[in-house]
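K.L.:
Here you go, one structure.
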Amino acid sequence: MNASTNGISPRKFLFLSLCLLAGVTSAYADTATPSPIDAFARLPAIRNVAVSPDGKQLLLIAGVDDQEAVATVSVDFSGAPKFIFASKPGDYDLSWCGWANNKRILCGVTATVREGTVLYSISRMVGVDADGANQKVLLQESEAGRTQFQDDILDWTPNEPDTVLMALDMERTGYPAIYEVNVNSGRRLIRNRDYYPIRGYATDGAGNVRFGYGYRRDSPVLEYFARMDNEKKWLPLAKVKAFGGSDELVPIAILPGTNRAFAQGTYEGRDALWEMDLTDQVEPKLVFSHPHVDASDPILTPDRKLIGIYYETDRPFVHYTDDATRAQVDVINRVLPDTFNVLSDYSDDRKVYVVRSYSDVKGPTYYLLRAGDKKIYKIDTAYPELDPKTIGRMQSISYKASDGVEIPGYLTVPPGVRAEKLPLIVMPHGGPIARDSWDFDFLRAFLVSRGYAVLQMNFRGSSGYGGDWFHAAHQDWGGLTYTDITDGTKWAIEKGIADPKRVCVVGWSFGGYAALLSAVRNSDLYRCSASIAGVSDLKDLLAEARAFSNRAIVREQLGTNKDKLKEDSPLRHVANISIPVFLIHGDRDVQVDVDHSRQMASALKSAGKPHQAIFLKNAGHQLNRKSDRVTLLTELEKFLAQNLGTGS
């Protein structure tokens with residue numbers, strides 16, 4: 001892999017605009033003409049904005065067409081952005097970038113490789129100076145080049161600016177050791193040897209590796225370990241069976257110089273944030289909980305000071321525990337009242353902040369805030385060509401499932417249109433260990449802009465709503481999870497929201513699986529089904545896991561009952577489908593093998609069922625290239641128009 005800028009034109013990539021927000025209004029178009037497909041399919045114009053430790057420079061990742069590039073610019077925007085490194089479509093993609101010190105930037109890149117029939121991801125790390133000089137792929141020419149992942153930074157060691165701590169699996173055993181790596185040369189020095197069965201580590205923010213977790217070969221049991229302050233011995237803390245539910249407290253951040261840690265644990269059936277004593281001499285203390293949703297994600301400074309806890313109800317929230325941070329966010333919220341705003345990065349002296357702001361109709365927008373200043377400065381927005389007026393706002397809804405349980409979700413209808421007898425897209429989320437949230441999604445935004453209402457639901461099996469909610473659908477993809485989705489569709493029809501003759505189910509990944517299963521079981525309810533990178537055969541999904549170290553955990557998630565797996569696999573019941581099916585899949589998908597869609601297309605063809613299948617060369621699971629998303633949206637729009645008619 002050769003690091004280069006590939007001849008990128010800075011003018012083509014980004015026009016940074018310095019806008020005093022107090023005098024700027026949203027650049028909405030005067031008309032409600034739908035935005036073109038390119039505006040939705042584009043790579044974000046800006047993401048991953050970070051400020052240098054001294055607060056003098058910004059780095060960002062900018063996207064155009066199928067490519068992304070890393071740029072640096074002064075925080076006073078006194079000069080044009082300098083592009084210092086770029087992705088190479090079809091070869092490697094940019095994942096993240098961060099400041100190692102005031103001069104040196106590190107970036108993680110990802111690619112896919114094949115060994116025999118197995119396709120899997122690898123990562124590497126590139127070092128480059130802020131002016132673009134001294135580019136180097138770190139570790140690649142060393143023995144560590146054999147390791148799968150080479151961008152796992154555990155600690156940025158701010159007191160040692162020329163090194164970082166990394167976990168590297170030198171022997172490809174699955175159990176990494178800890179190395180101190182020079183950010184300029186890539187030279188490494190072993191700090192801690194591997195310790196079976198630890199697969200992941202965390203430090204105390206002061207360069208000391210204090211926490212580890214992992215699982216033994218062919219075991220679904222996660223084991224957690226810690227080191228006491230100034231000790232080298234690993235002590236076992238807890239064992240938790242994957243998907244089994246547990247009341248154990250699991251440390252997630254150890255406070256430097258102490259034997260105390262922030263931990264995730266349950267409180268009244270939901271994840272909460274605790275503070276625990278690793279020596280068990282002091283009873284655990286509840287830090288924060290929420291009565292309706294999980295709330296265990298702490299927001300910490302690099303030195304492990306707690307400044308807030310993130311959680312989501314029907315919208316995202318942060319409970320701030322630090323007065324200074326709360327005061328800064330209050331300034332932002334007064335200026336940007338219609339978006340969710342977070343301090344995504346800041347300088348070492350906390351005088352320069354990067355603000356990330358988004359809503360359901362606006363993709364992430366980045367701003368600069370200086371401490372003590374009541375004005376914030378716009379840097380750029382991820383989807384600058386989109387008109388929010390054409391997208392439609394997400395409305396929080398709930399409906400009763402067939403067993404009487406209330407299922408939360410969202411309904412989005414085109415702007416200015418009553419929610420009556422609309423063509424409806426039912427769009428279950430992926431995962432299924434995930435949840436739909438109040439935020440910007442290019443696919444939902446596109447569908448609504450074309451006149452379709454979109455229904456999303458956080459069915460049982462989704463994350464974020466407590467242990468009972470999550471475990472209710474355990475090993476039952478085609479059971480309770482599926483019926484919750486179907487009940488949502490019936491609710492929308494019974495309420496008069498959807499035209500019963502114009503309903504289609506569209507999903508990505510697990511959502512694609514749900515769309516295919518809907519075509520099998522409820523062709524009477526839907527006019528069409530669209531699967532994007534979807535699973536079609538659970539037995540195959542289970543078999544594919546054999547090549548990976550987490551195979552026992554996958555078995556625990558899916559179950560091993562052959563009859564159940566067959567019953568819940570759309571591929572095994574193609575004969576029951578009587579509606580048109582749309583399939584699209586990338587041939588370098590490492591999460592859901594493209595054969596799931598290829599076999600489904602073959603079975604549909606053999607059975608004489610109406611379908612359309614598109615296979616995208618060198619595309620991954622998320623279809624992260626603009627050209628792939630243009631294909632997706634163009635062909636999906638045609639498919640929906642053919643089966644539902646044009647939108648409202």
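K.L.:
Quick one: compute a quarter of the convex hull surface over the Cα atoms of segment 237-307 and quote it in nm².
P.N.:
So the Cα hull casts an average projection of 5.2 nm².
K.L.:
Also, quick follow-up: Return one whole number: the accessible area per residue of segment 158-298 in Å², for a 1.4 Å probe.
P.N.:
Solvent-accessible surface per residue comes out at 49 Å².
K.L.:
For the chain, with all protein chains present and a 1.4 Å probe, just round the carbon and sulfur fraction of the accessible area to a whole percent.
P.N.:
For the chain, the apolar C and S fraction of the accessible surface comes to 47 percent.
K.L.:
Tell me the trypsin sites (Lys or Arg not before Pro) within segment 411-489 that lie in a loop according to DSSP and have at most 11 other beta-carbon atoms within 10 Å.
P.N.:
Hits after loop and neighbour filter: Arg418.
K.L.:
I need the shape label for segment 275-380. Rule: rounded when a/c is under 1.5, else prolate if a/b > b/c, else oblate, with a, b, c from the alpha carbon gyration tensor.
P.N.:
Verdict is oblate for segment 275-380.
K.L.:
Related question: For segment 443-478 and segment 79-146, what is the separation of their C-alpha centers, rounded to whole Å?
P.N.:
The distance from the Cα centre of segment 443-478 to that of segment 79-146 comes to 34 Å.
K.L.:
Another one. Using unit Cβ charges (K, R positive; D, E negative) and no other charged atoms, how large, in debye to the nearest 20, is the dipole of the chain about its Cα centre?
P.N.:
Once rounded to the nearest 20, the dipole reads 1200 debye.
K.L.:
For segment 538-648, what is the accessible area per residue in Å², given a 1.4 Å probe and the full set of protein chains?
P.N.:
Heavy-atom SASA per residue in segment 538-648 reads 47 Å².
K.L.:
Please give the solvent-accessible surface of Ile433 in Å², to the nearest 10, using a probe radius of 1.4 Å with every protein chain present.
P.N.:
The value for Ile433 is about 80 Å².
K.L.:
Let me ask another. Can you give the relative contact order of the chain as a percent, counting alpha carbon pairs under 8 Å and 6+ residues apart?
P.N.:
After rounding, I find 11 percent.
K.L.:
While we're looking at this one, here's another question. Taking the simple approach of a point 7 Å from Cα along Cα-to-Cβ for both Thr33 and Lys56, what is their distance in nm?
P.N.:
Roughly 4.7 nm, to one decimal.
K.L.:
Same structure again: Could you work out the pair-distance distribution P(r) of segment 342-406 from its alpha-carbon pairs, with 10 angstrom bin width and percents rounded to whole numbers?
P.N.:
P(r) for segment 342-406, in whole percents per bin: 18, 31, 23, 16, 9, 2.
K.L.:
Kirkwood Rh over alpha-carbon pairs of segment 605-648, then Stokes-Einstein at 4 °C and 1.567 mPa s: what D in µm² s⁻¹, rounded to an integer?
P.N.:
106
K.L.:
Mind grabbing the accessible area of Tyr310 for me, 1.4 Å probe, Å², rounded to tens?
P.N.:
Answer for Tyr310: close to 60 Å² accessible.
K.L.:
If you don't mind, there's one more thing I want to ask. What helices does the chain hold that run 15 Å or longer along their axis, going by alpha-carbon atoms, with a Kyte-Doolittle average of -0.5 or more, using DSSP H for the helix calls?
P.N.:
Passing helices, by number: 323-335, 480-494, 510-521, 626-644.
K.L.:
Please identify the trypsin sites (Lys or Arg not before Pro) of segment 226-269 that satisfy two criteria: DSSP loop assignment and at most 12 other Cβ atoms within 10 Å. Which are they?
P.N.:
Lys232, Lys233
K.L.:
Specify which residue in the list Gly430, Phe440, Pro414 is farthest towards the positive end of the charge dipole of segment 375-470, using unit charges on the beta carbon of Lys, Arg (+1) and Asp, Glu (-1), about the Cα centre.
P.N.:
Pro414
K.L.:
While we're on this one: List the relative contact order of segment 277-395 as a percent without decimals, with contacts defined as Cα pairs under 8 Å and 6+ residues apart.
P.N.:
Relative contact order of segment 277-395: 12 percent.
K.L.:
Which GluC sites (Glu not before Pro) from segment 95-196 combine a DSSP loop assignment with at most 16 other Cβ atoms within 10 Å?
P.N.:
Glu141, Glu171
K.L.:
How big is the chain by the Kirkwood estimate over distinct Cα pairs, in Å?
P.N.:
One decimal place: 26.2 Å for the Kirkwood radius.
K.L.:
What 222 nm value per residue comes from the helices of the chain, counting each DSSP H run with n ≥ 4 as -39,500 (n - 2.57) and dividing by all residues, nearest 500 deg cm²/dmol?
P.N.:
Computed mean residue ellipticity for the chain: -5000 deg cm²/dmol.
K.L.:
Let me spell out the model: positive unit charges on the Cβ of Lys and Arg, negative unit charges on the Cβ of Asp and Glu, origin at the Cα centre of segment 312-403. What dipole size does that give, in debye rounded to 20?
P.N.:
320
The values are calculated or read from the model by the stated rules, or taken from the named source; none is laboratory data. None of the values given here were measured: they were computed from a predicted structure. Backbone-built Cβ (ideal geometry, glycine too); neighbour counts: all protein chains shown. To get the accessible areas, we keep the full protein, side chains included, count just its heavy atoms, and leave off ligands, DNA and RNA. Shrake-Rupley method; radii C 1.70, N 1.55, O 1.52, S 1.80 Å.
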